[in-house]
Amino acid sequence: MFKKLIEKVMGSGTKPTSEENGRRANTTKSQKTNTAASSGAKSNSKPQTKVKETPWSVSDFKVAPQEGKTRFHDLGLPDSVLRGIQALGFEYCTPIQAQTLPQTLRNRDAIGQAQTGTGKSAAFLLTILNRILTNPIQERFASEPRALVIAPTRELAIQIGKDAEGLSKFTGLNVVTVVGGMDYEKQRKLLRDHVVDVLIATPGRLIDFMRSQDVFLDQVEVLVLDEADRMLDMGFIPDVKRIVRATPAKEYRQTLLFSATFNYDVRILIDQWTKDPLQVVIEPDTVATDTVEQRAYLVSETEKYNILKDVLADEKPELCIIFANRRDLTRNLCTKLNKEGYKAVLLSGEVSQDKRIKTLEDFRQGRAQIMVATDVAGRGIHVDGISHVINYTLPENPEDYVHRIGRTGRAGAAGVSISFISEDDAFLLPDLEEYLGKKFELIQP
């Protein structure tokens, strides 16, 4: 009795009966396109981008064995997935992939902790693709994804969607990404008019489509929560609980959680949402990358902006991200910098999604030199060639400092991080130094 009460309150979900499925399918027939197909899901899927067919076999994907490394060949993945991996230029698993995939490909739940940029997305996406391809279902309906990935930010969800499309390029599977701030009706059509294999979503937009009965989650076989700690920080957990309740019970689905950190509150949710999960923790070689030169400038709050102008004039960054803690501060900084003649763009939660995509592309292509961003917006930024990160204000969470400076010094390139320490930031410094295991030498510019 107590266990049932807990499941009802916390939302582990229940396995729908065949009667419920039939009733649901009949009552929603007028609301969604009935695309049941005797010939299988592929004929109903959203038309795939034409891929030029050339003869290919797994023997074309030659990777020499290396001691201590796991080849994707060794995991028993479908040939169509291996072809996508080869096309993306990957040969060996990262540590988080090597330690999770042998178990998750056999349908085991998993929680994986590793820093950003270590291949977490590929770890759960390969698990999803393998599950769907090796367990085909003949009769499918629109609006019923077989796998669901939830991400806290629009940028991260879009990035995961791009990764999924790359890995599934030769599989014929349909990947759909739905996020807030973009064309609602267009996303609605993708859900209602086509069979969806993999759905990637932010919590708010997914709840919208659940309310309007444009998506049903009772056929989800694999549930992925990415950046669970960030979803908790952003207040998404009530929405996520509702989403999880709409999926089959944990005994009838595979659940994967990947994040850079797992705090106490998230671990409680893990116990409720998973069954006997594999637990993998990949410790970073260093908390902050060795390829980033870290400086700390002791400044007064009133002089911060003038110091910023001096730093930009002296350093002449190729591409630079300036982080600040508040939306109004990022907006004001961006406006001032543009008046100074810099090509600066803004990335924060108040910017509409279509503009955010254009902003990221302008920055990625070098049409904008400076991006001013908040932590939430900056979490999903993956742009090569960022030479400088400037912390106009210190983050309240030391882990966000690592995520910030990780935007530079990528792929072995050198990078520079400059932090302004004022009377308003100084109280955050001891916790940051303890987390990093190092003392900052405070410089007076």
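Values in this text are rule-based calculations from the coordinates and carry no lab data. All values derive from a computational prediction rather than experimental measurement. FYI the Cβ positions are ideal-geometry reconstructions off the backbone, even for glycines, and counts take in every protein chain you see.
Restricting attention to the stretch 296-328, which trypsin sites (Lys or Arg not before Pro) occupy a DSSP loop and are surrounded by at most 13 other Cβ atoms within 10 Å?
Values: sites: Lys304, Lys309, Arg326, Arg327; in loops: Arg326.
Hits after loop and neighbour filter: Arg326.
I need Glu399, Glu423, Glu433 ordered by Cβ neighbour count within 10 Å, fewest first.
Details: Glu399 18, Glu423 11, Glu433 14.
With the fewest neighbours first, Glu399, Glu423, Glu433 line up as Glu423, Glu433, Glu399.
If you take the C-alpha gyration tensor of the stretch 292-443, multiply each eigenvalue by 5 and take the square root, what semi-axes do you get, largest first, in whole Å? It would help to have the intermediate numbers written out before the result.
Numbers: eigenvalues 102, 57, 47 Å².
Equivalent-ellipsoid dimensions as semi-axes: 23, 17, 15 Å.
Enter the Cα centre distance for the pair the stretch 287-333 and the stretch 80-126, rounded to the nearest angstrom.
Answer, in whole Å: 35.
Can you give me the C-alpha center-to-center distance between the stretch 190-245 and the stretch 134-162, rounded to a whole angstrom?
9 Å
I need the phi-derived Karplus couplings for the stretch 124-140: 6.51 cos²θ - 1.76 cosθ + 1.60, θ = phi - 60°, integer Hz, Gly and Pro marked x.
My calculation for the stretch 124-140 gives 7, 5, 5, 4, 4, 4, 4, 4, 5, 6, 8, 10, x, 10, 6, 9, 10 Hz in order.
Of the listed pairs Lys169/Lys355; Lys69/Lys162; Lys162/Lys343; Lys316/Lys336; Lys304/Lys339; Lys309/Lys336, which have alpha-carbon separations greater than 19 Å here? Can you show the working numbers first?
Details: Lys169/Lys355 27 Å; Lys69/Lys162 26 Å; Lys162/Lys343 27 Å; Lys316/Lys336 17 Å; Lys304/Lys339 17 Å; Lys309/Lys336 10 Å.
Pairs exceeding the cut-off: Lys169/Lys355; Lys69/Lys162; Lys162/Lys343.
Applying the Karplus parametrisation 6.51 cos²θ - 1.76 cosθ + 1.60 with θ = phi - 60° to the phi angles of the stretch 315-321, what ³J(HN,Hα) value in whole Hz is obtained for each residue in order, glycine and proline being reported as x?
The phi angles translate into 7, 6, x, 5, 9, 9, 10 Hz.
Can you give the charge dipole size of the stretch 292-443 about its Cα centre, rounded to the nearest 20 debye, using +1 on the beta carbon of Lys and Arg and -1 on the beta carbon of Asp and Glu?
740 debye
Could you grab the relative contact order for the stretch 292-443? Cα pairs under 8 Å, six or more apart, rounded to a whole percent.
Working: 257 pairs, mean separation 54.4, N = 152.
Result for the stretch 292-443 is 36 percent.
Please express the shape of the stretch 68-191 as an equivalent ellipsoid: the semi-axes are the square roots of 5 times the eigenvalues of the C-alpha gyration tensor, given largest first in whole angstrom.
On the way: eigenvalues 122, 63, 36 Å².
For the stretch 68-191, the semi-axes come out at 25, 18, 13 Å.
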